[in-house]
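*Asks:* I'd like to ask you about the structure that follows.
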Amino acid sequence: MREKLVEYLIQLVDIPSVTGNEKEIADFTHNFLKNFFTEENIIRHNNSLIAYDEFDPDKKTISFIGHLDTVPGINEFTGQIIEDRLYGLGSSDMKGGLAVMMSLIDYFSSKEKRFNCIYVFYEKEEGPYVDNGLEPLLKNYDIIQKSDFSFVLEPTNNVVQIGCLGTLHASIIFKGKRAHSARPWQGENAIHKSANFLKRLSDKEWKRYNFGGLEYVEVMNATMVSFSGGRNIIPDEFEINVNYRFAPGKSIEEAKKDVIELVNNEAEVVFTDLCPSGNVNLDNPILHEFTKKYGINIEAKQAWTDVARLSQYGIDGVNFGPGDPAQAHQKNEYIPLKNLYENFEILKDFLSI
């Protein structure tokens, strides 16, 4: 099965699928699924796909979830294996995970499993939160909600990453009055007006939250600025982009309130890219069995992932994928073949009767 696993991955990385350009890889995946599922058990929504088993009510249900798209990038060694690493844009993030999903479908096409399985291949994960292709699948079809547990095969080096931070961006807009920089008394400097806020933001301590021994660090940072004017103009507007990564269990409304309180009515606040935090589902029995059986390391997810979106629909899930997170979005991205084989073998064994 290793040869097929590698073959699937080579085919996947050979198909360009930068966010917004997923039709070719969705067509490829759709044609693949037709070999193993009836049309009645395949759902296609734009360039996203769901395929699912005939459900046995005596079995629990597991879903495997992966995005088809990549960020833009350069890879000079696409499809090549060099020093036991397979190269290609998206090989780690996350076409290696997709290849594992395809290999599980292939392997179990003639074998019994102890779980019902749902396989989700979706578009536009690497773009804005509101355009993400998983949301319409969850909103328009109830099939994924049948999952008792979900594996999202994002790159984790085969470590289980549980929960995730929520994230939001806020434009903090300071208003002033335009003037010539030689006569600043005729204006109000919008940049200078931000000084107290920036000092409070700089002094704000990181908060650490512990869930069952897993630590999540809540952080708020200024990440970008823009202004109106020029080198010899007192600016009448100064905008700071603040990115807030907030702890599991905190709602978006609570996170927005934290930002508003820090601004202290000194500026206008406009929120964008509001992404919920993910539940820390340590008590899920399938997860407990899985981590205990294979002695897999468990980590807190100190970032955002679509397990948070699953949480909004009452679905427990974790990130567990073969890709190397350090390779995500890198030039000449690769995946260690050892990771690929190990991830497949673990999931195959877990599903086997």
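*Asks:* Give, as ranges by residue number, the residues of the stretch 47-63 whose backbone N falls under 11 Å from the point 7 Å along Cα→Cβ of Glu112.
*Replies:* So the set is empty, nothing qualifies.
*Asks:* Given 0.36 nm per residue, what is the gain on full extension from Asp258 to Glu237 after removing their alpha carbon distance, in nm? It would help to have the intermediate numbers written out before the result.
*Replies:* Details: separation 21, 0.36 × 21 = 7.56 nm, distance 2.31 nm.
The Asp258-Glu237 span can extend by a further 5.2 nm.
*Asks:* Now, a different point. Which value, to two decimals, describes the C-alpha radius of gyration of the chain once divided by 2.2 N^0.38 Å? Please list the in-between numbers first.
*Replies:* Working: Rg = 23.1 Å, N = 353, 2.2 N^0.38 = 20.4 Å.
Normalised Rg, Cα atoms only: 1.13.
*Asks:* When only DSSP loop residues count, what GluC sites (Glu not before Pro) in the stretch 75-139 have their Cβ near at most 13 other Cβ atoms within 10 Å? Write out the running numbers ahead of the final one.
*Replies:* Values: sites: Glu76, Glu83, Glu112, Glu123, Glu125, Glu126; in loops: Glu76, Glu83, Glu112, Glu123, Glu125, Glu126.
Sites meeting the loop and neighbour criteria: Glu76, Glu83, Glu112.
*Asks:* Which order do peptides 140-150, 259-269 fall in by mean Cβ count within 10 Å, highest first? Could you put the intermediate results ahead of the total?
*Replies:* Values: 140-150: 17.1, 259-269: 14.6.
The densest-packed peptide leads the list: 140-150, 259-269.
*Asks:* Same structure, new question: Non-local amide H neighbours of Phe115 (under 5 Å, H modeled in plane, Pro and chain starts lacking H): which ones?
*Replies:* none
*Asks:* Another question about this same structure. Please list 3J(HN,Hα) in residue order for the stretch 269-279, calculated via the Karplus relation 6.51 cos²θ - 1.76 cosθ + 1.60 where θ = phi - 60°; whole Hz, with x for glycine and proline.
*Replies:* Calculated HN-Hα couplings, in order: 10, 10, 8, 9, 6, 8, 10, x, 7, x, 5 Hz.
*Asks:* If R0 is 45 Å, what FRET efficiency do you get for Asp14 and Leu198 from their C-beta distance, rounded to 0.05? Please report the intermediate quantities before stating the final value.
*Replies:* Details: r = 47 Å, r/R0 = 1.06.
Calculated transfer efficiency: 0.40.
*Asks:* Quick one: 3J(HN,Hα) in Hz for the stretch 21-38, Karplus 6.51/-1.76/1.60 with θ = phi - 60°, rounded, Gly and Pro as x.
*Replies:* The phi angles translate into 10, 9, 4, 5, 6, 5, 4, 4, 5, 4, 5, 4, 5, 4, 6, 10, 10, 6 Hz.
*Asks:* Per DSSP H run of n ≥ 4, the term is -39500 (n - 2.57); total these for the chain, divide by its residue number, and report the mean residue ellipticity at 222 nm rounded to 500 deg cm²/dmol.
*Replies:* So the calculated ellipticity at 222 nm is -8000 deg cm²/dmol.
*Asks:* Say R0 is 25 Å: what FRET efficiency, to the nearest 0.05, do Glu268 and Ala303 get from their beta-carbon distance?
*Replies:* Values: r = 28 Å, r/R0 = 1.13.
Given R0 = 25 Å and the Cβ-Cβ separation, E is 0.30.
Computed from the coordinates by the stated procedures, all read-outs in this text should not be read as laboratory data. Given the structure is predicted, the values throughout are model-derived calculations rather than measurements. Cβ coordinates were reconstructed from backbone atoms using ideal geometry, including for glycine residues, and neighbour counts include every protein chain displayed.
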